[in-house]
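*Asks:* Just passing along the structure, written as structure tokens.
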Amino acid sequence: MDKTWRTIIEPFKIKSVEPLGFTTRAEREQVLRAASWNLFGVPADKVLIDLLTDSGTSAMSAEQWAAVMRGDESYAGARSFFTFEKAVRELTGYRHVMPVHQGRAAERILFSVVGGPGKTVIANSHFDTTRANVEASGATAIDLPVPEALDFAHPAPFKGDMDLRALEAKIRELGSASIPMIVMTLTNNSLGGQPVSMGNLRRVSEIARHHRIPLLLDVARFAENAWFIKRRELGYSSRSAAEIAREMFSYADGCWMSAKKDAFVNIGGFLAVNDPEWSARAREILILGEGFPTYGGLAGRDLEAMAVGLREVLDEHYLEYRIRSVEYLGEGLRKAGVPIVEPPGGHAVYLDAKRLLPHIPPAGYPAQALACELYLTAGVRSVEIGSLMFGRREDGAFQPARMELVRLAIPRRVYTQSHIDFLIEVMADVSSRAKTIKPLRLISASQRLAHFTARLEPEGVA
Ligand code: F0G
């Protein structure tokens, strides 16, 4: 467009719609009781606006649905594989491309190849499935985010960066032989969906090359990261998102992607590396668990949809709208006095329950209590990232997590600005009643990944 307008519009029109799940307060109370105050147990039909995750929840485009019809479902050597391989190679530049059914399958394969006891993987921050797969191989996972990443109240442009001094010190301490890879997660989901700067990525790459340690990228949200670089980093404002993405990939030796995020698909992912030996070993494991290397646990139509999505996501009208709409939610919440992780991330706004509910101690699960109140008030579903997810209950002793956050993850191309305005109104209402929100008590939980299955109830309920 030739003139710059103040209003950034959704850069699409809608061809196919789904109804929202309207419920009454009485119904929601009953649903929440039946789900034992765990939002994973709530049927999606009873949710008005679902912000549980941005993963696999995108709206595909007409071009993606058209590509679905072009899917070649041959077992070996399907045309759809070559279309997909070409799209991944053009984007990343990496030689060996393996489709997998989702991100964690790539993680399991990769760490089976290079992990193992005595090894340590260092990241800006491992996502929880990444950490679980590193640890399942017998290796140790260490996070070295920059210190400002943990200061939620204060904004900084690139809170996804790696702490370079800590990285060098850790390599000196452990020796490069015991570090099979360094990982950069773009954007950093575990700590607020914050971006990594090109400058930091370049320096991490130099350090990794100097010590002959491979650098791998976890690129679930690479396009959002590229857009932040364009907007915030000196020297990139006139470069295209595609060029910026290519530069990001050029600093690493390979990557894996949960395509359920920035490739707009409902299922899919891939692993792409340059090293022929890693590729050969990964393919053996791929065949064992996922399928033949030209389909990797997916249908040909899924490969076609991913190939289209990987190009579509770099459309700058889309990226501008995407980042702006999440920021708009953040601004509205800030104006309403709701404490959030600053600045808003690329795919989500994170509410800071520690600051909103100071009367609830970590053992009363403040972020889960807030997420439940949001559901009760208006049928909005979010996810707790706090002591329910990360707190430890080993030997009966409770150890709180270092954060008590509620993530409002925004599915791609699904909700419009009026949904966002509605969310801001709902959160302002919840926030005005913050003092009345009651702590929760844990009734039962499994040892691992407790947040999926935990059962809770409000304090004071017999
Ligand atoms: N890496 C990152 C940075 C992720 O955010 C995720 C998933 C994965 C890897 C694993 O990919 O789900 O396809 O197996 N994140 C989802 C979320 C689950 O809600 O943030 P997957």
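*Asks:* Going by the structure shown, is Asp163 of a type in the set (Asp, Glu) and in contact with a Leu (Cβ under 8 Å, 6 or more places away or on another chain)?
*Replies:* So Asp163 passes the test.
*Asks:* Working carefully through the options Leu48, Leu39, find the one that is under 30 Å from Glu373 (Cβ atoms), among the hydrophobic types (A, V, I, L, M, F, W, C) and more than 16 Å from the ligand (Cβ to nearest atom). Spell out how you get there, then give the answer.
*Replies:* Numbers: Leu39 fails: more than 16 Å from the ligand (Cβ to nearest atom).
From the options Leu48, Leu39, the qualifying one is Leu48.
*Asks:* So, in the range 218-244, of the ones that are within 16 Å of the ligand (Cβ to nearest atom) and within 16 Å of Glu90 (Cβ to Cβ), which residue ends up surrounded by the fewest Cβ atoms within 10 Å (Cβ to Cβ)? Spell out the reasoning first.
*Replies:* Within the range 218-244, the first condition is being within 16 Å of the ligand (Cβ to nearest atom), and the residues that meet it are 218-226, 228.
The next check asks that each one be within 16 Å of Glu90 (Cβ to Cβ); those that pass are 219, 222-223, 226.
On the way: Val219: 30, Phe222: 27, Ala223: 29, Ala226: 31.
My answer is Phe222.
*Asks:* Also, I was wondering about something else. Give the range 191-217 a look and list any residue that's more than 26 Å from Glu320 (Cβ to Cβ) and either of a type outside the set (Lys, Arg) or open to solvent by less than 10 Å² (accessible area, probe 1.4 Å) (or both), or say none.
*Replies:* Scanning the range 191-217 gives Val204, Ser205, Glu206, Ile207, Ala208, His210, His211, Ile213, Pro214, Leu215, Leu216.
*Asks:* Is there any pair linking a residue in the range 211-229 that is farther than 10 Å from Ile244 by Cβ and in the same structural domain as Lys261 (by TED's automatic domain parsing) to one that is among the acidic types (Asp, Glu) and away from the ligand (no atom under 15 Å from the Cβ), with Cβ under 6 Å and at least six apart or on different chains, and which?
*Replies:* That search, which allows pairs on different chains as well, returns Pro214/Asp253; Leu215/Asp253.
*Asks:* Check whether at least one residue in the range 257-266 is of a type outside the set (Gly, Ala, Ser), open to solvent by 60 Å² or more (accessible area, probe 1.4 Å) and within 16 Å of the ligand (Cβ to nearest atom), and report yes or no. Before you say what the answer is, go through the steps one by one.
*Replies:* The initial filter retains those residues of the range 257-266 that are of a type outside the set (Gly, Ala, Ser), namely 257, 260-262, 264-266.
With open to solvent by 60 Å² or more (accessible area, probe 1.4 Å) added as a condition, the list becomes 266.
Cutting the leftovers down to within 16 Å of the ligand (Cβ to nearest atom) gives us 266.
Yes; the residues of the range 257-266 include at least one that is of a type outside the set (Gly, Ala, Ser), open to solvent by 60 Å² or more (accessible area, probe 1.4 Å) and within 16 Å of the ligand (Cβ to nearest atom).
*Asks:* Within the range 163-182, is there a residue that is more than 15 Å from the ligand (Cβ to nearest atom), surrounded by fewer than 15 Cβ atoms within 10 Å (Cβ to Cβ) and touching a residue at least 40 places away in the same chain (Cβ under 8 Å)?
*Replies:* Yes: one or more hits.
*Asks:* Moving on. For the range 366-412, which residues satisfy the criterion of being open to solvent by 20 Å² or more (accessible area, probe 1.4 Å) and among the hydroxyl-bearing types (Ser, Thr, Tyr)?
*Replies:* Thr377 - this is the single residue of the range 366-412 that is open to solvent by 20 Å² or more (accessible area, probe 1.4 Å) and among the hydroxyl-bearing types (Ser, Thr, Tyr).
*Asks:* If a residue has to be near the ligand (Cβ under 9 Å from one of its atoms), surrounded by fewer than 20 Cβ atoms within 10 Å (Cβ to Cβ) and in a loop (DSSP other than H, G, I, E, B) to count, how many in the range 102-120 make the cut?
*Replies:* Filtering the range 102-120 for residues near the ligand (Cβ under 9 Å from one of its atoms) gives 102-107.
With surrounded by fewer than 20 Cβ atoms within 10 Å (Cβ to Cβ) added as a condition, the list becomes 104.
Remaining after also requiring in a loop (DSSP other than H, G, I, E, B): none.
Residues in the range 102-120 being near the ligand (Cβ under 9 Å from one of its atoms), surrounded by fewer than 20 Cβ atoms within 10 Å (Cβ to Cβ) and in a loop (DSSP other than H, G, I, E, B): 0 in total.
*Asks:* Right, here's the next one. Output the residue which, of all residues in the range 434-444 that are out of contact with any helix residue (DSSP H, G or I) (no Cβ under 7 Å at 6 or more places or on another chain) and in contact (Cβ under 8 Å) with a residue 12 or more places away in the chain, is most open to solvent (accessible area, probe 1.4 Å).
*Replies:* Lys435
*Asks:* Could you pull out the residue among Ala363, Ala369 that is part of a helix (DSSP H, G or I) and at pLDDT 95 or above? Can you show your working first?
*Replies:* Details: Ala363 fails: at pLDDT 95 or above.
The unique qualifying residue is Ala369.
*Asks:* If the Cβ limit is 9 Å and pairs must be 6+ apart or interchain, which residue in the range 416-431 that is not assigned by TED's automatic domain parsing to the domain that holds Val338 pairs with which residue that is at pLDDT 95 or above and in a helix (DSSP H, G or I)?
*Replies:* none
*Asks:* Determine whether Glu290 is at pLDDT below 95 and more than 22 Å from the chain's Cα centre (by Cα).
*Replies:* On the way: at pLDDT below 95: yes; more than 22 Å from the chain's Cα centre (by Cα): yes.
Judged against the criteria, Glu290 is a match.
The values are calculated or read from the model by the stated rules, or taken from the named source; none is laboratory data. What you are looking at is a predicted structure, and each value in this text was computed from that prediction instead of being measured. Every residue, glycine as well, gets a Cβ built from its backbone with ideal geometry; the counts of neighbours run over all protein chains shown. Ligands, DNA and RNA are stripped out before the accessible areas are found, and what is left, the full protein with its side chains, is counted by its heavy atoms. Shrake-Rupley method; radii C 1.70, N 1.55, O 1.52, S 1.80 Å.
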